[in-house]
Amino acid sequence: MKKKVAALKKVFADESLIIFGSNGLIEGVKAKRTKVIPDERGRLGEILRCDDPFFEKFGQSYFTTTFPGVVKAWHYHKIQTDNFYVVKGTVKVALYDNRKDSKTYRCVNQVYLSEHCPAILQIPPGVYHGWMCIGDTQAYIINITTEAYNYAVPDEHRLDPHDNDIPYDWTRKDG
C-alpha cells in the first residue's frame with residue numbers, strides 16, 4: 001500500500017532559495033542565501049556569521065558526504081540546532097515537524113541546497129530531517145551545530161528513511 005504524501009507549495013523564498021511546504025514554513029526553521037564574493041583568484045563564501053539574526057551559539061562544525069541517490073534520513077535532536085550548508089553537489093532536504101506543541105505540527109518542508117544556490121538552512125530541535133543526494137556526483141555538506149557531539153549519549157533519534165509514518169516520499173518526480 002502506497003503511503004499518503006503531503007502536497008507541497010512554495011512557503012518561503014530568498015532569491016532562488018525556495019522552500020516548499022505542506023502547511024507553511026515549519027516553526028523555527030530559518031534559511032537564507034549566503035554571500036559569495038568572486039574575484040580573479042577564486043571565490044570566498046560566507047556560511048554563518050555570529051551577527052546573523054538566527055545565530056545561536058557554536059557547538060561544533062563538521063562535514064559529511066553523500067553518494068548520488070543515497071538518502072540520509074530521518075533523525076531529530078532534542079537539544080541541538082543544525083545549520084546545513086552544501087559546499088559541493090546538490091541535495092534535496094526534507095523536514096517533518098513532529099513537535100506536538102508546535103503550530104506547524106505534522107507539517108512537511110522540502111528545499112534544495114546546492115553549490116549553485118549557496119544558502120544556509122537552520123533546523124531547530126524536535127524537527128525530523130534528512131536529505132537525498134540528487135546530483136550525479138557526491139555531495140559535501142557542512143553542519144554547524146549548537147552542541148558538540150556527545151559520544152556517550154548521542155542526541156540523535158532515528159527512523160527508517162522509507163518505512164515510517166512521515167508523509168514524504170524520497171522518490172524523484174519526473175515530468
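Here are the numbers:
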read-out: Region 24-175, dipole about Cα centre (Lys/Arg Cβ +1, Asp/Glu Cβ -1), debye to the nearest 20; value: 240
read-out: Most mobile listed residue (ARG49, ARG106, ARG33) in the chain, GNM with C-alpha springs under 10 Å; value: ARG49
read-out: Ranked ASP155, ASP136, criterion: other C-beta atoms within 10 Å, fewest first; value: ASP136, ASP155
read-out: Contour minus Cα-Cα distance for ASP169 and PHE67 (0.36 nm per residue); value: 34.9 nm
read-out: Cα gyration tensor category, rounded, prolate or oblate, for region 129-175 with a/c compared to 1.5; value: oblate
read-out: Added length on full extension, which subtracts the Cα-Cα distance from 0.36 nm per residue, ASN150 to GLU115; value: 9.6 nm
read-out: Estimated vicinal HN-Hα couplings, Hz - region 79-90 in sequence order (Karplus 6.51, -1.76, 1.60; Gly, Pro = x); value: 10, 6, 9, 9, 10, 8, 9, 9, 8, 9, x, 9
read-out: Extension gain from ASP51 to GLU15, taking 0.36 nm per residue of separation minus the Cα-Cα distance; value: 10.9 nm
read-out: Exposure proxy order (Cβ contacts within 10 Å, fewest to most) of VAL5, VAL86, VAL153; value: VAL153, VAL5, VAL86
read-out: Label point distance in nm, ASP160-TYR105, each placed 7 Å from Cα along Cα→Cβ; value: 2.6
read-out: Hydrodynamic radius of the chain per Kirkwood, over alpha carbon pairs, in Å; value: 16.7
read-out: Whole-Hz couplings from phi, Karplus 6.51/-1.76/1.60, listed for region 106-121; x for Gly and Pro; value: 6, 7, 10, 10, 9, 8, 9, 10, 7, 4, 8, 9, x, 7, 10, 10
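Each reported figure results from applying straightforward, stated rules to the coordinates on display, with no laboratory input. Because the structure is a prediction, the values reported are computed rather than measured. Here the Cβ is made from the backbone with ideal geometry for all residues, glycine too, and neighbour counts use every protein chain on show.
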